[in-house]
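The values are calculated or read from the model by the stated rules, or taken from the named source; none is laboratory data. A quick note: this is a predicted structure, and the numbers were derived from the prediction, not measured. So basically every Cβ, Gly included, is an ideal-geometry build from the backbone, and we count neighbours across all protein chains shown. We work out accessible area using only protein heavy atoms, side chains counted, and drop any ligands, DNA or RNA first. Shrake-Rupley method; radii C 1.70, N 1.55, O 1.52, S 1.80 Å.
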Amino acid sequence: MEYIRGTTEFHITEPTVISFGKFDGLHRGHELLMDYMIEKRKAGLKTVVFTFDIPPGRLIRQNEGKVITTNEEKMHVFERIGVDYLVECPFVSEIMRMKPEDFIYKIVTEMNVRCMVAGRDFHFGHNREGNFHTLEQYAKKLSYEVAIMEKIQYEGRDISSTFVREEIANGNITKANHLLGYAFFVQGEVIHGKHMGGPVLGFPTVNLLPPPEKLLPPNGVYITETTIEGKVYQGISNVGCKPTIEGENPIGVETHIFDFNRNVYGHNVKVEFLKCVRPELKFASIGELTMQMQEDIAYARKFFECN
């Protein structure tokens, strides 16, 4: 996959099929768009996903909402599903103030677009004046096809990034994973913690410190799977600030991987959340914390045996 970012000038000479959106989480509601593009690949078109480096709402409406997937995580997701080009356009004034028709012309001419795929809720251009009708209006003039995808629903509600974010924020990991179509995850570089997991508690851990814009489930203990160098390991993760441990601890993801004691500092790993075990608690002593961790691990091992 070619990753184009940091520029508003795009030069793709091959004929393409393109889909637009924030694609936060790349949930089941996005599947129809992706499936349609993959089908068009059979006709010789390269697949292009067009998104922005920050959610437009964050800048326009001063909305500081958290994201399901960071830009780096999103890149890995699109690479995994086989997208040919990921275009991460800077949301600068030039783009923000562009008229819908000018935006369409720029996209079609600079990326040799033969087909556009979008949902009915897609808006673009200055003041969000453009929509799927605008795409259809210019299709014949600029010689491209338009495919408009319908929403997928679950429990009578459209599957959307907002829906997924609500479930993650409420700790409903199982439901969030169903909406996503895969396990919610945190991906990043393993950092040094306080080195208490192994020497003090007897449970060595892998520590990640997600960026501030990353949405995390409520502080607590979760059954997780961790991917390191392509291999998947079972374990449990604590999301939070470790209240039993003295001192100030930033909110992070600390994972104990079963039967694993390798040094993986500096490695890029992915931690996938499968089920919530319990909320984060402050214990009276390290001994009490250790006993609870033993119970959490036993519960998680049984979960994996039964699934």
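Dipole check for the chain: with +1 at the C-beta of Lys and Arg, -1 at the C-beta of Asp and Glu, and the Cα centre as origin, the magnitude is about 340 Debye.
In this simple spin-label approximation, Gln294 and Glu136 carry label points 7 Å from Cα along the Cα→Cβ vector, and these lie 6.6 nm apart.
Taking 0.36 nm per residue of sequence separation and subtracting the Cα-Cα distance, how much length would be gained by fully extending the chain between Val92 and Ala43, in nm to one decimal?
14.2 nm
Taking the charge dipole of the chain about its Cα centre, with +1 at Lys and Arg Cβ atoms and -1 at Asp and Glu Cβ atoms, the residue from Thr174, Phe304, Phe20 reaching farthest to the positive side is Phe20. Modelled spin-label separation between Asn261 and Asp35, with each label point placed 7 Å from Cα along the Cα-to-Cβ direction: 4.8 nm.
Among 220-226, 48-54, sorting by the average number of other beta carbon atoms lying within 10 angstrom of each residue, highest first, gives 220-226, 48-54. Ranking Val164, Gly29, Ile257 by how far each Cα lies toward the positive end of the dipole of the chain (charges on Cβ) leaves Gly29 at the top.
With the simple spin-label model, which puts each label point 7 Å out from Cα in the Cβ direction, the Arg128 to Val232 separation comes to 3.7 nm.
For the chain, the relative contact order comes to 17 percent (Cα pairs under 8 Å, sequence separation of at least 6). Across the protein chains, with a 1.4 Å probe defining accessible surface, the residues Val92, Val108 rank Val92, Val108 from largest area downward.
Ratio of Rg to Rh for segment 19-152: 0.93 [Cα atoms; Kirkwood radius as inverse mean 1/r over pairs].
Averaged over residues, the count of other Cβ atoms within 10 Å places the peptides 144-153, 2-11 in the sequence 144-153, 2-11, highest first. Normalised by residue number, the volume inside the convex hull of the Cα atoms of segment 114-181 is 109 Å³ per residue. The smallest convex shape that holds all Cα atoms of the chain, its convex hull, gives 148 Å³ per residue. Computed from backbone phi with θ = phi - 60° and the Karplus coefficients 6.51, -1.76 and 1.60, the 3J(HN,Hα) list for segment 114-122 is 10, 8, 10, 10, 8, x, 5, 9, 6 Hz; x is used for glycine and proline. With the helix formula -39500 (n - 2.57) applied to DSSP H stretches of n ≥ 4, the chain reaches a computed 222 nm mean residue ellipticity of -8500 deg cm²/dmol.
Here the gap between Arg28 and Lys151, fully extended at 0.36 nm per residue and compared with their Cα-Cα distance, gives a gain of 43.3 nm.
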